[in-house]
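Everything on this sheet refers to the single structure shown next.
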Amino acid sequence: MFTNFPFFPQQASAQAGQVDAIYFFMVAVTAFFSILIAGLVVYFAFKYRRRHRDEIGHAIHGSLALELLWTVIPFFITMVMFVWGAKVFFDMYRPPAGAMEIHVVGKQWMWKVQHMDGRREINELHVPVGRPVKLIMGSEDVLHSYYIPDFRVKADVIPGRYNVLWFTATRPGNYHLFCAEYCGTKHSGMIGTVTAMEPADFQAWLSGGRADESPVAAGEKLFADLTCNTCHLTDTQGRGPMLTNLFGKQVELQGGGTVTVDEAYIRESIVLPQAKVVAGFQPLMPTFQGLVTEEQLLQLIAYVRSLSQQGEAPGAAPQSPTMPQSSSRPVVEKK
Ligand code: CUA
C-alpha cells in the first residue's frame, strides 16, 4: 500500500498491514480533531471579538447537551483505539504454536543468533517467508531492543529474562535490523540484516555452511559437563526433580503456590536455584550464575524442553540425529 512512499518502510510481514492500519487511523483522528479545534479557535476569535470599547460578553451557564456530546464522542473513539490496539497488541505478542524458534542473544554490540539445527549467525537473521518465526531473546549484558522496521516488530532484549518476538515474513528480501535501545558506545553500530527467503532457499541456506551443534545437543552435553545429571535423573526422582516431561507443566512449590515450568522458570532455577524450590526437595542446588553464558542457558533450556514431547515445536527444524528421545536416552547411573 505504502511501498512507494519514500518516508515509510515497506510492509514485509503479515503484521505490518495491521500495525499501519491502526497507526493511520490514529493519525487521521488526531489530525482531524487538531485541525477542527485549531480552526474553531481562530474562527471564534474573529467571530466573537470585542467590537466596542464597552462591550461585555454574555454570561454562559453551560449546556448539558454539548457537554455530553463532546464527552461521549471522544469516549467512543478512544474505545475503538483501545480495543483495536489491544487486539493488534495481543496478536503481536502471542506467537502461534508451532512457530519456528530461533535463539537471539544481544551483547555489546552484536546480535548472536542460533537456529535450532545449530546454524549460527551474527548481525544477520535468515528466515523463510510464509512461516511464523518466534525469536526467544535474552541479553548477555545490558538492555537492547530488537527492531525490524519493515516487519513492524520491536521488542526489548532484557538481561535476566526472556522476551519473545514473532513475525511472518511475507516477501523475500533484505531488511534492516536495528538495536533500538541505547546500549553504550557502539549502540549505533549494533545493526544488521534480516534476510527473508523462499522456503526452499531457506532450507538450502540452513543446510549449507558449517552447522554447529544444535542447541539441544549442546545443552545435553552441558547438562553432563555441569553434572546436572547427578541430581536430575532421567527416569526417577533424584535429589533434584526429574526433568522428563516437565516442561509446560505446573509444579507445586515449597511453602505453597505453583509455577509453570517455562523458559523463565528454568532460567531462574539455574541462576537462582533457591528462588522457587519444588515441594518435596531440599534447597541443595548451587547457583550457576556466572558459570554459564546466556547462550548456554538457552541451550540448557532447549535440552530440558526436548525432554518433553509436547514442549517440542512441531517441525521446528529437521530432527537432528542427536535429538534425545526420552525413551532411548541413556539411563544415568543411580547413586
Ligand atoms: Cu544494543 Cu543499542
- Given 139, 188, which one is out of contact with any Pro (no Cβ under 7 Å at 6 or more places or on another chain) and either closer than 17 Å to residue 9 by Cβ or of a type in the set (S, T, N, Q) (or both)? 188
- Output for the range 169-193, where each listed residue is away from the ligand (no atom under 16 Å from the Cβ), open to solvent by less than 50 Å² (accessible area, probe 1.4 Å) and either farther than 14 Å from residue 111 by Cβ or modelled with pLDDT of 95 or more (or both): 169, 173
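More than 16 Å from the ligand (Cβ to nearest atom) and over 22 Å from the mean Cα position of the chain (by Cα): does that describe residue 214? Steps first, answer last, please.
Working: more than 16 Å from the ligand (Cβ to nearest atom): yes; over 22 Å from the mean Cα position of the chain (by Cα): no.
No, not satisfied.
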- Query: For the range 235-282, how many residues are open to solvent by 30 Å² or more (accessible area, probe 1.4 Å), among the charged types (D, E, K, R) and within 25 Å of the chain's Cα centre (by Cα)?
  - Reply: 5
- Query: Would it be correct to say that residue 87 is open to solvent by 50 Å² or more (accessible area, probe 1.4 Å) and more than 14 Å from the ligand (Cβ to nearest atom)?
  - Reply: yes
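So for the range 151-164 (the condition being polar (S, T, N, Q), open to solvent by less than 50 Å² (accessible area, probe 1.4 Å) and either at pLDDT below 90 or within 16 Å of the ligand (Cβ to nearest atom) (or both)), does at least one residue qualify?
Kept after step one, since they are polar (S, T, N, Q), are these residues of the range 151-164: 163.
Among the residues that remain, those that are also open to solvent by less than 50 Å² (accessible area, probe 1.4 Å) are: 163.
Checking the rest, the ones that are also either at pLDDT below 90 or within 16 Å of the ligand (Cβ to nearest atom) (or both) come to 163.
There is at least one residue in the range 151-164 that is polar (S, T, N, Q), open to solvent by less than 50 Å² (accessible area, probe 1.4 Å) and either at pLDDT below 90 or within 16 Å of the ligand (Cβ to nearest atom) (or both).
Residue by residue through the range 66-109, note down the ones that are small (Gly, Ala, Ser) and not in a loop (DSSP other than H, G, I, E, B). Before the answer, list the steps.
Narrowing the range 66-109 to residues small (Gly, Ala, Ser): 85-86, 97-99, 106.
Once the filter is applied, which keeps residues that are small (Gly, Ala, Ser) and not in a loop (DSSP other than H, G, I, E, B), the range 66-109 yields 85, 86, 106.
The values are calculated or read from the model by the stated rules, or taken from the named source; none is laboratory data. Because the structure is predicted, anything quoted here is derived from the model rather than measured. Because the Cβ atoms are built from the backbone with ideal geometry, glycine has one as well, and the counts that use them run over all protein chains shown. The area values use the complete protein model at the heavy-atom level, side chains included, leaving out ligands, DNA and RNA. Shrake-Rupley method; radii C 1.70, N 1.55, O 1.52, S 1.80 Å.
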